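The values are calculated or read from the model by the stated rules, or taken from the named source; none is laboratory data. Everything numeric here is computed off the predicted structure, so don't read it as measured data. Here the Cβ positions follow ideal geometry from the backbone for every residue, glycine too, while neighbour counts run over all protein chains shown. SASA here: full protein model, heavy atoms, side chains in, ligands and nucleic acids out. Shrake-Rupley method; radii C 1.70, N 1.55, O 1.52, S 1.80 Å.
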Amino acid sequence: MKSIIIGIVALASTMLCVCEGPQTPVKDLEKLVNKVEKNHKKYTDEDWKKVAEEYAVLKEEFYKHEYSNE
């Protein structure tokens, strides 16, 4: 019984970790936009460089998936 519970927990953990899919970059972009909207007034040039780098990474992630207008 104990090994069954451990197996179920391991399977559930794996499923949670593997759930990265096409919506992940969308959610990450939304987080980035929200962060910038909240903090943009106090951003330094270095902060803007970091935002640009984060955006570039997200942009690459978008190209890995296919999206539709639906």
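Quick rundown of the values:
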quantity: Cross-chain or 6+ apart pairs with Cβ under 8 Å, the stretch 23-37 first and over 15 Å from LYS64 (Cβ atoms) and without any contact (Cβ under 8 Å) to a residue 60 or more places away in the chain, then surrounded by 12 or more Cβ atoms within 10 Å (Cβ to Cβ) and aromatic (Phe, Trp, Tyr); calculated: LEU32/TYR55; VAL36/TYR43
quantity: Residue within the stretch 30-48 that is at pLDDT below 90, surrounded by 10 or more Cβ atoms within 10 Å (Cβ to Cβ) and assigned to a helix (DSSP H, G or I) present; calculated: no
quantity: Of the criteria (1) open to solvent by less than 90 Å² (accessible area, probe 1.4 Å); (2) modelled with pLDDT under 55, which one GLU54 fails; calculated: (2)
quantity: Unique residue being of a type in the set (A, V, I, L, M), loosely packed, with under 10 Cβ neighbours inside 10 Å and at pLDDT below 85 when the list is VAL18, VAL26, VAL9; calculated: VAL18
quantity: Filter pass, GLU61 being among the acidic types (Asp, Glu), open to solvent by 100 Å² or more (accessible area, probe 1.4 Å) and modelled with pLDDT under 90; calculated: no
